[in-house]
Amino acid sequence: MHVRTLALRDFRCWERLELTLEPGIAALVGANGQGKTNLLEALGYLATLGSHRVATDAPLVRHGADRAIVRGTVVHDERELSVEVEITPGRANRARVNRSPVPRPREVLGILRSVLFAPEDLALVRGDPGQRRHFLDDLLVTRAPRLAGVRADYDKVLRQRSALLKTARHGGRGGADLSTLDVWDGHLARHGAQLLAARLDLLAALGPHAVACYADVAPESRPVGLHYRSGLGEALPVPAAGEPADSELIEAALLDELARVRDQEVERGACLVGPHRDDVELSLGGMPAKGYASQGESWSFALALRLGSYELLRAEGAEPVLLLDDVFAELDRRRRARLAEVARAAEQVLVTAAVAEDVPDELDGTRFDIDDGQVRRVR
């Protein structure tokens with residue numbers, strides 16, 4: 001899979017841009033603030049319908065514009081598709097495939113698959129659980145785009161149920177009609193079980209790749225582990241090795257837990273059970289990586305998670321585009337060499353760097369210089 005063209009209109013700092021790309025390695029070189037990261041962010045948005053830098057769409061639209069457009073031409077298995085997303089803050093985004101509108105933007109998911117490694121990824125190890133949930137769910141949808149609907153349905157139910165609980169808290173039990181809570185419990189358990197089961201299956205597939213990648217980039221370090229930590233605790237039906245998670249058993253466990261904590265939820269006005277409160281526990285030598293890993297070990301773990309994602313997707317027959325956003329300057333010699341080795345074997349990789357010297361010699365390929373709102377190919 002590779003991207004042949006990228007076109008932007010009013011996306012971040014780019015009023016208009018048309019860029020032609022080729023398979024292989026492309027380095028985007030420019031000083032900070034010139035917009036090189038925005039180009040990778042745009043490709044990441046086409047792949048995931050989200051940004052790795054901000055949680056909402058509003059910052060993606062150029063100041064003074066009312067909407068932004070990101071369009072790319074993707075080539076996969078000798079088939080070429082044009083995918084376009086129109087981003088309009090405050091309104092529903094729109095999407096097109098080969099210039100024809102699709103009913104929902106999420107229907108473009110899977111056309112472009114990418115893995116992006118950026119300085120922000122240090123938060124996967126040192127940040128809060130939401131960072132790791134987001135990482136897992138984005139990879140989940142990249143791997144199986146149909147699960148975007150499950151994720152959206154769960155988020156919708158969670159908002160509705162949380163609003164009901166909040167109303168009950170402020171008005172007491174008489175301040176809201178709680179007769180519908182059983183219905184919302186059922187919806188939350190059903191959609192939550194599907195999401196949780198998919199996460200368990202994904203982590204079982206990702207884990208060996210991430211562990212192997214960590215051992216490769218940091219062979220002198222302690223071994224690492226990945227474990228899904230659910231609010232269900234011991235009640236979580238954990239599948240046997242090699243077996244898929246059973247969403248029906250998980251649904252029943254969620255319903256039992258929701259019934260057990262109902263009074264607490266009404267008292268606190270918050271939904272206390274479900275995959276929105278779970279975490280991926282990253283361990284280093286049997287201890288939590290967060291708080292125990294050094295700076296270098298944290299970088300190695302973040303890199304291993306991204307390289308593991310890349311290896312997983314490639315092993316399953318959908319080699320993604322590899323996006324490396326200004327990361328070589330952050331890595332030591334060993335980690336730079338390992339990342340460069342993986343990049344050299346990728347069908348397409350885009351690298352950003354502030355100066356050409358930050359791009360390893362092994363990644364000699366097409367180079368674009370970015371300066372003063374212009375992109376110029378220099379080789």
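The values are calculated or read from the model by the stated rules, or taken from the named source; none is laboratory data. Everything quoted here is computed from the prediction, not taken from an experiment. Here the Cβ is made from the backbone with ideal geometry for all residues, glycine too, and neighbour counts use every protein chain on show. For the accessible areas, the whole protein counts, side chains as well, though only heavy atoms, and no ligand, DNA or RNA atoms are used. Shrake-Rupley method; radii C 1.70, N 1.55, O 1.52, S 1.80 Å.
Which percent of the accessible heavy-atom area of segment 13-159 goes to carbon and sulfur, probe 1.4 angstrom?
45
Apply 1/(1 + (r/R0)^6) to the Cβ-Cβ distance of residue 222 and residue 356, taking R0 = 41 Å, and write down the FRET efficiency to the nearest 0.05. If you can, show how the numbers build up before the last one.
On the way: r = 36 Å, r/R0 = 0.87.
According to the calculation, E is roughly 0.70.
Whenever you get a sec, compute what percent of the accessible area on segment 230-379 sits on carbon and sulfur atoms (1.4 Å probe).
On the way: 3050 of 7070 Å².
Of the solvent-accessible surface of segment 230-379, carbon and sulfur hold 43 percent.
Nearest 20 debye, what's the magnitude of the dipole of segment 332-372 about its Cα centre given +1 on Lys and Arg Cβ and -1 on Asp and Glu Cβ?
400
Where the centre of each part is set by its Cα atoms, how far does segment 223-250 sit from segment 33-79, in angstrom?
34
Need one word for segment 269-379: rounded, prolate or oblate. Basis is the Cα gyration tensor (sqrt eigenvalues a ≥ b ≥ c); a/c below 1.5 gives rounded, then a/b vs b/c decides.
Working: a/c = 1.94, a/b = 1.78, b/c = 1.09.
Prolate shape, in that a/c is at least 1.5 and a/b is the bigger ratio.
Using unit Cβ charges (K, R positive; D, E negative) and no other charged atoms, how large, in debye to the nearest 20, is the dipole of the chain about its Cα centre?
920
Restricting to Cα atoms and excluding each atom paired with itself, what does the Kirkwood estimate give for the chain in Å? Walk me through the numbers on the way to the answer.
On the way: mean 1/r = 0.0451 Å⁻¹.
Every distinct Cα pair counted, the radius reaches 22.1 Å.
Please identify every one of the GluC sites (Glu not before Pro) in segment 1-84 that sits in a loop by DSSP and has no more than 15 other beta carbons within 10 Å of its own beta carbon.
In loop regions of segment 1-84 (DSSP not H, G, I, E or B), the sparsely surrounded GluC sites (Glu not before Pro) are 78.
Which order do the peptides 238-244, 32-38, 5-11 take when ranked by the mean count of other beta-carbon atoms within 10 Å per residue, highest first?
Listed from highest to lowest mean packing, they are 5-11, 32-38, 238-244.
What residues have an amide H closer than 5 Å to that of residue 348, excluding those fewer than 5 places away on the same chain, when H is modeled at 1.01 Å from N in the peptide plane?
Here 24, 322 satisfy the definition.
Can you tell me the dipole magnitude for segment 1-55 around its Cα centre, using point charges on the Cβ only (Lys, Arg +1; Asp, Glu -1), in Debye to the nearest 20?
Value, rounded to 20: 80 debye.
Report, ordered by chain and residue number, the lysines lying within cross-link reach of residue 156, taken as a straight Cα distance under 28 Å and ignoring same-chain residues fewer than 8 apart.
Within the straight-line cut-off, residue 156 pairs with 166.
With axes computed from alpha carbons, what is the tilt in degrees of helix 333-345 against the longest principal axis of the chain, rounded to the nearest 10 within 0 to 90?
80
Using Cα atoms only, what is the angle between the long axis of helix 295-315 and the major principal axis of the chain, expressed in degrees (0 to 90) to the nearest 10?
90
Tell me, what is the per residue accessible area of segment 1-133 in Å², probe radius 1.4 Å?
Numbers: 6070 Å² over 133 residues.
Counting only protein heavy atoms, the per-residue value for segment 1-133 is 46 Å².
Which value, in Å², gives the accessible area per residue of segment 270-379 when a 1.4 Å probe is used on the protein heavy atoms?
Ligands and nucleic acids excluded, the figure is 41 Å² per residue.
What is the spin-label model distance, in nm, from residue 98 to residue 80 if the labels are put 7 Å beyond Cα along the C-beta direction?
1.3
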